[in-house]
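Structure first, commentary second.
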Amino acid sequence: MTDYAPTPAFTEQAIGQAGLYDEAAADHEAFWAARAREYVTWSTDFDTTLDWSDAPFAKWYVGGQLNAAYNCVDRHVEAGNGDRVAIHAVAASGEDRAITYADLQREVCKAANALESLGVAKGDRVAIYMPMIPEAVVAMLACARIGAPHSVVFGGFSSDALKARIEDGEAKVVITSDGQFRKGKAMPLKDAVDRAVEGTTASKVLVVQRTGIDVAWDDERDVWWHEVVESASDQHEAQPHDSEHPLFILYTSGTTGKPKGILHTTGGYLTQCAYTNAVVHDLHPQSDVYWCTADIGWVTGHSYIVYGPLANGATQVLFEGTPDSPHQGIFWEIVDKYKVSILYTAPTAIRTFMKWGADIPAKYDLSSLRVLGSVGEPINPEAWRWYRDNIGDGTTPIVDTWWQTETGAIMNSPLPGVTELEPGSSQKPIPGISAEILDDEGQPLTEPEKVGYLVLTKPWPAMLRGVWGDPQRYKDTYWSRFGPEYYFAGDGAKYDDKGNIWILGRVDDVMNVSGHRMSTAEIESALVSHPRVAEAAVVGASDETTGQAVVAFVILRQDGAEGGLEGDDLVQELRNHVGQQIGPIAKPRSIMVVDELPKTRSGKIMRRLLKDVAENREIGDVTTLADSSVMNLIKQGMDKPAAD
């Protein structure tokens with residue numbers, strides 16, 4: 001039996017100690033009040049830790065005022081750490097630059113002044129659609145400084161997806177770049193913005209010159225970053241904002257086609273991000289070099305690139321490129337070069353590295369690594385062990401973290417100096433978080449291996465404050481399944497015989513592909529928007545590399561088929577259509593053209609049965625189907641996956 005207990009030497013220096021569990025259990029609110037004062041500088045101290053009187057709409061640190069950008073930048077300079085490197089910015093080409101906290105302070109102030117000159121004021125929304133370059137971090141912090149909530153949109157999303165998010169948030173300004181580098185090639189980015197902003201509230205587009213490619217230009221609307229930011233003053237006083245002032249909106253897929261704008265506010269979110277980054281990653285800002293490999297377009301990039309590490313005064317790596325460009329060892333070359341000590345990455349990446357072989361990381365000196373993290377989806381035990389053995393030298397603790405866009409920060413995770421690790425399990429709620437697993441009737445499960453629903457039983461500081469512009473949807477989505485006292489996360493879970501929690505993935509119609517949540521409804525909607533498609537059903541099927549892959553079943557329209565593409569050509573066209581509508585990440589791995597879909601007598605599509613087909617399993621119970629013979633026809637016709 002392998003010993004996965006922490007070493008005494010690690011425990012002795014660990015920030016997260018066992019006493020935190022006892023402190024949190026003794027007094028939930030007092031625990032979180034102490035964390036807020038430990039990790040955050042307040043302009044005005046709060047007088048009430050939690051107001052839950054209007055549940056499920058929480059207010060944390062009531063009466064408190066603060067500025068997130070001041071907490072992430074200015075206070076470190078004021079403390080004499082202005083010369084500390086905040087960001088090692090590594091370009092896709094390998095070129096790098098070191099940005100100190102003093103540098104970052106100047107850039108954030110200039111960007112804040114530039115945004116104000118473009119008409120952005122406190123409360124205005126700003127959309128950010130950028131690659132992984134330092135200006136993206138600067139833009140987010142500049143918005144936070146002003147009090148203008150940012151809405152970051154992943155740079156791989158299509159113009160239609162971007163437009164929907166601009167419209168829903170009524171963004172006043174969009175910040176983008178001329179293009180982005182992908183595997184050594186300059187790819188356009190501003191083109192998508194040009195299409196997205198037409199007819200919206202966005203009156204200005206602020207453009208970073210990253211690639212030098214030609215872009216269309218509207219003199220009335222478009223402004224170069226280097227012209228307005230570089231010429232702006234580097235003095236900007238950070239104004240205090242209320243603890244509950246909106247910090248950002250981040251859109252996540254819902255079970256209906258329309259993405260949900262998840263709203264996070266300032267004080268509670270910043271507190272929990274900084275605290276979890278410290279105790280879960282065991283971050284020592286004076287000595288560690290930290291690297292979270294996520295994109296800022298996802299919540300992991302918000303919480304564990306921008307707000308958590310910078311609030312803690314960390315030195316971190318920001319990498320523009322991908323794990324396979326310019327070569328398959330680039331991650332390990334970066335770890336070796338910058339002596340990265342904490343690495344936080346996704347199971348999809350780890351499984352890809354496994355596929356490429358252990359001989360690649362073996363070429364590099366990875367001895368600086370002392371904590372490894374996993375985020376985005378459950379990690380299978382085999383990948384966990386490979387990660388520890390080949391990247392962590394067989395000794396490094398792995399923190400397998402469970403959380404969501406909605407939770408804002410880490411909820412379940414081992415503490416690396418306390419927990420005896422269990423490969424593949426996020427184990428237990430961190431100190432300050434309360435969770436249970438319920439059965440179908442809403443009763444707590446305690447027996448090992450019984451599958452139920454993971455719920456959160458107490459409010460937490462970084463929790464979402466609602467769905468932007470739709471409070472009823474917030475209640476219906478998260479607080480209705482088991483009653484208003486339980487937040488239902490949408491994930492299935494079970495306990496093992498040691499009391500560890502194992503996350504089993506989504507129980508609703510949301511898929512987790514490479515750590516990115518996408519709704520079946522959104523992809524079905526994209527497929528049906530193609531003139532050849534009458535109806536579509538989408539399921540997530542297990543995939544060795546991405547966790548889940550998109551598998552689609554479509555019924556073609558009877559009219560208009562003559563002269564159109566057929567067979568593999570049609571499948572490829574439909575895949576590309578989904579890519580254009582939503583983004584390449586949403587392209588189905590395979591599409592099967594069928595005559596009928598399995599439906600109940602009331603017309604509900606039985607995706608569970610389609611999932612059985614997609615995963616080559618025995619077909620489950622078909623007694624509720626209006627026509628049970630449909631499944632035999634689908635099973636017989638299941639084709640091979642379409643190639644990229």
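Every residue, every condition in (1) crowded, with 17+ Cβ neighbours inside 10 Å; (2) over 21 Å from I410 (Cβ atoms), yes or no:
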| position | (1), (2) |
| --- | --- |
| Q13 | no, no |
| E29 | no, no |
| R37 | no, no |
| T44 | no, yes |
| P56 | yes, no |
| Y101 | yes, yes |
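Output the residues belonging to segment 392-414 that are under 20 Å from S368 (Cα atoms) and under 10 Å from the mean Cα position of the chain (by Cα).
none
Do we find a residue being surrounded by fewer than 20 Cβ atoms within 10 Å (Cβ to Cβ), assigned by TED's automatic domain parsing to the domain that holds R221 and in contact (Cβ under 8 Å) with a residue 24 or more places away in the chain anywhere in segment 135-145?
Taking segment 135-145 as the starting set, the residues that turn out to be surrounded by fewer than 20 Cβ atoms within 10 Å (Cβ to Cβ) are none.
No.
For segment 555-581, what are the residues that are of a type in the set (A, V, I, L, M) and modelled with pLDDT of 90 or more?
Within segment 555-581, the first condition is being of a type in the set (A, V, I, L, M), and the residues that meet it are 555-556, 561, 565, 570-571, 574, 578.
If the condition is that a residue be of a type in the set (A, V, I, L, M) and modelled with pLDDT of 90 or more, then L570, V571, L574, V578 are the ones that fit.
Restricting attention to segment 238-274, which residues are of a type in the set (S, T, Y) and either more than 25 Å from M132 (Cβ to Cβ) or touching a Cys at 6+ places or on another chain (Cβ under 8 Å) (or both)? Quick ask: steps written out before the conclusion?
Filtering segment 238-274 down to residues of a type in the set (S, T, Y) leaves 243, 251-253, 255-256, 265-266, 269, 271.
Scanning segment 238-274 gives S243, T255, T256, T265, T271.
Condition check: among the basic types (K, R), surrounded by fewer than 24 Cβ atoms within 10 Å (Cβ to Cβ) and either out of contact with any Asp or Glu (no Cβ under 9 Å at 6 or more places or on another chain) or assigned by TED's automatic domain parsing to the domain that holds I585 (or both). Does K163 satisfy that? If you could, list the steps in order and put the result at the bottom.
Details: among the basic types (K, R): yes; surrounded by fewer than 24 Cβ atoms within 10 Å (Cβ to Cβ): yes; either out of contact with any Asp or Glu (no Cβ under 9 Å at 6 or more places or on another chain) or assigned by TED's automatic domain parsing to the domain that holds I585 (or both): no.
In short, no.
Take segment 612-627 and flag every residue that is assigned to a loop (DSSP other than H, G, I, E, B), at pLDDT 65 or above and of a type outside the set (D, E). Quick ask: steps written out before the conclusion?
Pass one, segment 612-627, residues assigned to a loop (DSSP other than H, G, I, E, B): 615-624, 626-627.
Still in the list and also at pLDDT 65 or above: 615-620.
N616, R617, I619, G620 - these are the residues of segment 612-627 that are assigned to a loop (DSSP other than H, G, I, E, B), at pLDDT 65 or above and of a type outside the set (D, E).
Residues that are surrounded by 20 or more Cβ atoms within 10 Å (Cβ to Cβ) and either of a type in the set (F, W, Y) or in the same structural domain as F488 (by TED's automatic domain parsing) (or both): does segment 362-383 have at least one?
no
Kindly provide the set of residues from segment 334-351 that are surrounded by fewer than 19 Cβ atoms within 10 Å (Cβ to Cβ), in a helix (DSSP H, G or I) and in contact (Cβ under 8 Å) with a residue 12 or more places away in the chain, ordered by number. Full working, then the answer.
Pass one, segment 334-351, residues surrounded by fewer than 19 Cβ atoms within 10 Å (Cβ to Cβ): 336-337, 339.
Now drop any that are not in a helix (DSSP H, G or I), which leaves 336-337.
Of everything in segment 334-351, just one residue is surrounded by fewer than 19 Cβ atoms within 10 Å (Cβ to Cβ), in a helix (DSSP H, G or I) and in contact (Cβ under 8 Å) with a residue 12 or more places away in the chain, namely D336.
Quick one: which of Y344, Y290, Y304, Y338 is modelled with pLDDT of 95 or more, among the aromatic types (F, W, Y) and more than 24 Å from A362 (Cβ to Cβ)? Can you show your working first?
Values: Y344 fails: more than 24 Å from A362 (Cβ to Cβ); Y290 fails: more than 24 Å from A362 (Cβ to Cβ); Y338 fails: more than 24 Å from A362 (Cβ to Cβ).
The conditions single out Y304.
Got a sec? Which of V455, V451 is without any contact (Cβ under 8 Å) to a residue 40 or more places away in the chain and under 15 Å from I503 (Cα atoms)? Before you say what the answer is, go through the steps one by one.
Details: V451 fails: without any contact (Cβ under 8 Å) to a residue 40 or more places away in the chain.
Answer to the selection: V455.
Is it the case that segment 555-568 has a residue that's in contact (Cβ under 8 Å) with a residue 40 or more places away in the chain, buried (at least 19 other Cβ atoms within 10 Å of the Cβ) and touching an Asp or Glu at 6+ places or on another chain (Cβ under 9 Å)?
Keep residues of segment 555-568 that are in contact (Cβ under 8 Å) with a residue 40 or more places away in the chain, which gives 555, 568.
Those left that are additionally buried (at least 19 other Cβ atoms within 10 Å of the Cβ): none.
No, segment 555-568 contains no residue that is in contact (Cβ under 8 Å) with a residue 40 or more places away in the chain, buried (at least 19 other Cβ atoms within 10 Å of the Cβ) and touching an Asp or Glu at 6+ places or on another chain (Cβ under 9 Å).
State the number of residues belonging to segment 527-542 that are assigned to a strand (DSSP E or B) and closer than 14 Å to A586 by Cβ. Can you show your working first?
Residues of segment 527-542 that are assigned to a strand (DSSP E or B), as a first pass: 533-542.
Checking which are closer than 14 Å to A586 by Cβ leaves us with 536, 538-540.
Residues that pass the stated criteria total 4.
Of everything in segment 482-505, what is among the basic types (K, R) and in contact with a strand residue (DSSP E or B) (Cβ under 6 Å, 6 or more places away or on another chain)? Give them in sequence order.
Within segment 482-505, the subset among the basic types (K, R) is 494, 498.
Result: K494, single match.
Given the options T252, T265, T276, name the one that is crowded, with 20+ Cβ neighbours inside 10 Å, in contact with an Asp or Glu (Cβ under 6 Å, 6 or more places away or on another chain) and closer than 26 Å to W468 by Cα.
Values: T252 fails: in contact with an Asp or Glu (Cβ under 6 Å, 6 or more places away or on another chain); T276 fails: in contact with an Asp or Glu (Cβ under 6 Å, 6 or more places away or on another chain).
Only one candidate passes the filter, namely T265.
Could you grab me the full set of residues in segment 20-45 that are in a loop (DSSP other than H, G, I, E, B) and in contact with a Ser or Thr (Cβ under 6 Å, 6 or more places away or on another chain)? Talk me through it step by step, then tell me what you get.
Filtering segment 20-45 for residues in a loop (DSSP other than H, G, I, E, B) gives 27, 40-43, 45.
Across segment 20-45, the qualifying residue is only V40.
Which pairs do you get when a residue that is within 15 Å of C72 (Cβ to Cβ), found in segment 37-48, comes within reach of a residue that is among the polar types (S, T, N, Q) and in a helix (DSSP H, G or I), reach meaning Cβ atoms under 7 angstrom, with the pair 6+ apart or on two chains?
Correct list of pairs: Y39/T271; V40/N71; V40/T271; T41/N71.
Check V173, V197, V193 and return the single one that is surrounded by 23 or more Cβ atoms within 10 Å (Cβ to Cβ), within 26 Å of C72 (Cβ to Cβ) and more than 20 Å from the chain's Cα centre (by Cα). Can you show your working first?
On the way: V197 fails: within 26 Å of C72 (Cβ to Cβ); V193 fails: within 26 Å of C72 (Cβ to Cβ).
Matching residue, one of V173, V197, V193: V173.
The rows are residues; the columns are (1) under 21 Å from the mean Cα position of the chain (by Cα); (2) closer than 27 Å to A24 by Cα.
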residue	(1), (2)
I433	yes, yes
I437	no, yes
Q443	no, yes
P448	no, yes
Q472	no, no
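The values are calculated or read from the model by the stated rules, or taken from the named source; none is laboratory data. Since we're looking at a predicted model, the values are computed, not measured. With ideal geometry, Cβ positions are generated from the backbone for all residues, glycine too; neighbour counts draw on all protein chains shown.
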